[in-house]
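Take a look at the structure below.
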């Protein structure tokens, strides 16, 4: 991945995290990663939430994706604002399963 894409990913992560934090106050929604395509036409945003139904949050985020893109287009100095797709981050669940297996095998 190029240095430019890494910078764009980090910038999108920071901005989207702030926007989502404001929109979903009290629901503990966390943006964990952003992966932007090399042509900057699309990006995948992984999020997690431990307090509410993540499928419902995903639907709400996807409904707001266009307004987030519009906001980012006004705020950032990027020629092309990528189309945002929100995905549920499953890594906390996988970590918990691995930790359980390690505890079980060490006993």
- line: In degrees, nearest 10, the alpha-carbon axis of helix 91-106 is tilted away from the dominant principal axis of the alpha carbons of the chain by 20
query: For helix 54-75, what angle does its Cα long axis make with the longest principal axis of the chain, in degrees from 0 to 90 and rounded to 10?
result: 30
- prompt: When ranked by the protection proxy of mean other Cβ atoms within 10 Å per residue, highest first, what sequence do the peptides 61-67, 42-48 form?
  reply: 42-48, 61-67
- request: With P(r) over Cα pairs in 5 Å bins from 0, in percent defined as stated, name the option among (i) 2, 11, 16, 18, 13, 8, 6, 5, 5, 5, 4, 3, 2, 1, 0, 0; (ii) 2, 12, 13, 16, 16, 15, 11, 7, 4, 2, 1, 0; (iii) 2, 11, 21, 22, 15, 11, 8, 5, 3, 1, 1, 0 computed from the structure displayed.
  value: (iii)
field: Label-point gap, in nm, between residue 100 and residue 65 - each point 7 angstrom along Cα→Cβ
entry: 3.1
statement: Asserting the computed 222 nm helical MRE of the chain (DSSP H runs at least 4 long, -39500 (n - 2.57) per run, divided by residue count, to nearest 500) equals -19000 deg cm²/dmol
query: Relative to the first principal axis of the alpha-carbon coordinates of the chain, what is the inclination of helix 3-23, with its axis defined by its Cα atoms, in degrees from 0 to 90 and to the nearest 10?
result: 80
- prompt: How do 69-80, 8-19, 49-60 rank on mean C-beta neighbours within 10 Å, highest first?
  reply: 8-19, 49-60, 69-80
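Any read-out appearing in this document is the output of simple, stated calculations on the displayed coordinates, not a laboratory observation. These numbers were taken from a predicted model, which means no experiment stands behind them. Heads up, the Cβs are rebuilt from the backbone with ideal geometry, glycines too, and the neighbour counts pull from every protein chain shown.
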